[in-house]
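The values are calculated or read from the model by the stated rules, or taken from the named source; none is laboratory data. Please read these numbers as outputs of a predicted model, since none were measured by experiment. No Cβ is skipped: glycine too gets one built from the backbone with ideal geometry, and neighbour counts run over all protein chains shown. Note: areas computed on protein heavy atoms with side chains; ligands, DNA, RNA excluded. Shrake-Rupley method; radii C 1.70, N 1.55, O 1.52, S 1.80 Å.
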Amino acid sequence: MNCCDYDCNQGRDCPARVAKVKRRVPKHPTPLRQEISRVYLKHLAKWMLIVIVLLFSLVSVIMLAPKGRAIDCSLAEISPDFTPAMREARRKARHA
């Protein structure tokens with residue numbers, strides 16, 4: 001028995017006053033747990049796509065790479081950029 005069972009006039013300052021407890025509801029409930037095989041399958045698909053993209057980029061780089069160094073020597077006889085030794089090598093390569 002407390003003071004609030006009969007004529008209580010203390011209001012907010014009553015020592016027997018008890019706060020109501022609300023049930024805590026999370027703002028963001030936790031998602032349902034996924035099956036572990038589904039998680040592994042997602043990871044496998046992600047890594048397979050990464051490997052495919054890397055292989056595609058590697059193949060495209062190899063295909064676009066120049067096959068060798070090619071020099072246009074059509075103007076070798078009159079261009080000052082070629083040395084006499086280069087002109088002579090060009091003449092020998094042309095006649096061989």
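Using only protein heavy atoms and a 1.4 Å probe, report how much of residue 46 is accessible, in Å² to the nearest 10.
Rounded to the nearest 10, the figure is 100 Å².
For residue 60, tell me the accessible area in Å² from a 1.4 Å probe, rounded to the nearest 10.
Accessible area, nearest 10 Å²: 40 Å².
Hey, what do the phi angles of region 36-43 turn into as Karplus ³J(HN,Hα) couplings, whole Hz, using 6.51/-1.76/1.60 and θ = phi - 60°, x for Gly and Pro?
Residue by residue, region 36-43 yields 5, 5, 5, 5, 4, 5, 5, 5 Hz.
Which value, in Å² and to the nearest 10, is the accessible area of residue 38 when all protein chains are kept and the probe is 1.4 Å?
For residue 38, solvent-accessible area is about 140 Å².
Compute the FRET efficiency between residue 22 and residue 57 as 1/(1 + (r/R0)^6), taking r as their Cβ-Cβ distance and R0 = 41 Å, and round to the nearest 0.05.
0.10
If I stretch the segment between residue 33 and residue 90 completely, what's the gain in nm (0.36 nm per residue apart, minus their alpha carbon distance), one decimal?
13.1 nm
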